[in-house]
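Okay, so here's the structure we're looking at.
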Amino acid sequence: MSNLAKRWEPHTKPPPKTAPEPETPLKSISEIEADYVRLVQETTDSPIDLGRWLPGFRACCRPLIPGDLVTILAATAVGKTAILQNIAGSMPDVPTLLFELELSGESLFERFVGQKGNFTGWQVEEAYRKGVRMGQAGLGSMFEKLLVCTLPGLSVDSLEVISRQATGKLGQPAKLILVDYIQLMTGQGSSRYERFSDIAEGLRRLAKTLLAAVVVTSQVKRTDGEDPEVSLCDAKESGSIENSSSLVLGAWREPSIEGGPADKMFIRVLKNTRGTSGRLIECRWSPTMRITEQASR
């Protein structure tokens, strides 16, 4: 190297290269604004709004957002599955998964077809005995964005795996996940209380991880002769069920005034972190398992 080149050679060495700092989950409020704008835009065109099913919800409940966990408390035979089917049917534009841990796929099919056409299960069965077929084209247009899983005893981890797999079949991630019902799920723990606490907390994590709204039904602890109305602390097994939920609804049915079958259903908002609670919605229970609003107060 010439003397001239040496004169201009840097006297200090460049600093050593350092590894990039690991990403942090911390965000400033201004950074979260972009996430909020995206959320508002995504939920404008196809809102997961229970008011699309029963208009009375619009007075107290805002549309559900990714990460919400909704629990519906109801006793045996009140209509937990029918409630989830009515919710799914009211939002055909929302990519939806229904995990039915009790009924068979055939029973669900009969119920969905009956609700859609306002037929009883007997009428659907009789029509199919006579050779009626709706076929892939007809059913695909009515239930385009709905997938059903009837495997029993699923865990929260299994729900997550299947939900991720569903993206390919739906063509997009599910935005609404329905689970019927929590007492039929598998959880970790040495006691029933611990197991169902694990499931409830896991479902909340699932909603946040998958960026979906999760709606789960739960049985209530009930003895014969009690008032059928459901309260916030009636969830069977664990208080974590209502504690983990952003919205809790209680549903019950009462016989008609004439003493006939229970053709009325009542749904009360018991907990609501994004609105007001206490509202009671009176519904009509149809033999075709359609649940429609009759009056609200």
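Any read-out appearing in this document is the output of simple, stated calculations on the displayed coordinates, not a laboratory observation. Treat the numbers as computed from the prediction; the structure is a model and nothing was measured. Counting neighbours? That spans all protein chains shown, and the Cβs are built from the backbone with ideal geometry, glycine included.
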**OP:** Provide the per-residue ³J(HN,Hα) series for segment 168-181, in order, calculated from phi with Karplus coefficients 6.51, -1.76, 1.60 and θ = phi - 60°, each as a whole number of Hz, with x at glycine and proline positions.
**Re:** x, 6, 7, x, 6, x, 5, 9, 10, 10, 10, 10, 10, 9
Original post:
Hey, any idea what Rg/Rh is for segment 100-169, computing Rh the Kirkwood way over Cα pairs?
Top reply: 1.04
**OP:** Determine the calculated [θ] at 222 nm for the chain from helices alone, applying -39500 (n - 2.57) to every DSSP H run no shorter than 4 residues and normalising by the residue count; nearest 500 deg cm²/dmol.
**Re:** -10500 deg cm²/dmol
**OP:** Rounded to whole Hz and in sequence order, give me ³J(HN,Hα) for segment 29-36 from the Karplus expression 6.51 cos²θ - 1.76 cosθ + 1.60, θ = phi - 60°, writing x for Gly and Pro.
**Re:** 4, 5, 5, 5, 4, 4, 5, 5
Subject >> Taking M142, M289 and counting other C-beta atoms within 10 Å, the order from fewest to most >> reply: M142, M289
Subject >> Projected area averaged over orientations for the chain, convex hull of C-alpha atoms, nm² >> reply: 25.2
Original post:
For the chain, what is the charge dipole size about the Cα centre, in debye to the nearest 20, if Lys and Arg each add +1 at the Cβ and Asp and Glu each add -1 at the Cβ?
Top reply: 800
Original post:
For the residues T217, T209, what sequence is obtained by ranking on other C-beta atoms within 10 Å, fewest first?
Top reply: T209, T217
Subject >> Long-range amide H partners of D68 with built H, under 5 Å >> reply: V214
Original post:
How large is ³J(HN,Hα), in whole Hz, for each residue of segment 88-100 in order, when computed from phi with the Karplus curve 6.51 cos²θ - 1.76 cosθ + 1.60 and θ = phi - 60°, using x for Gly and Pro?
Top reply: 4, x, 7, 10, x, 8, 9, x, 10, 10, 10, 9, 9
Subject >> Cα shape, segment 65-120, gyration tensor, a/c 1.5 rule >> reply: oblate
**OP:** Please report L54, L232 as a ranked list, fewest other C-beta atoms within 10 angstrom at the top and most at the bottom.
**Re:** L232, L54
Original post:
Can you pick out the pairs among K80/K169; K80/K116; K175/K208 whose Cα atoms lie more than 22 Å from each other?
Top reply: K80/K169
Subject >> Nearest-0.05 FRET efficiency for E21 and T150, computed from C-beta distance (R0 51 Å) >> reply: 0.60
Original post:
For segment 22-170, what is the convex hull volume of its Cα atoms per residue in Å³?
Top reply: 173
Original post:
Out of the DSSP beta bridges found with both residues in the chain, what percent are antiparallel (nearest 5)?
Top reply: 50
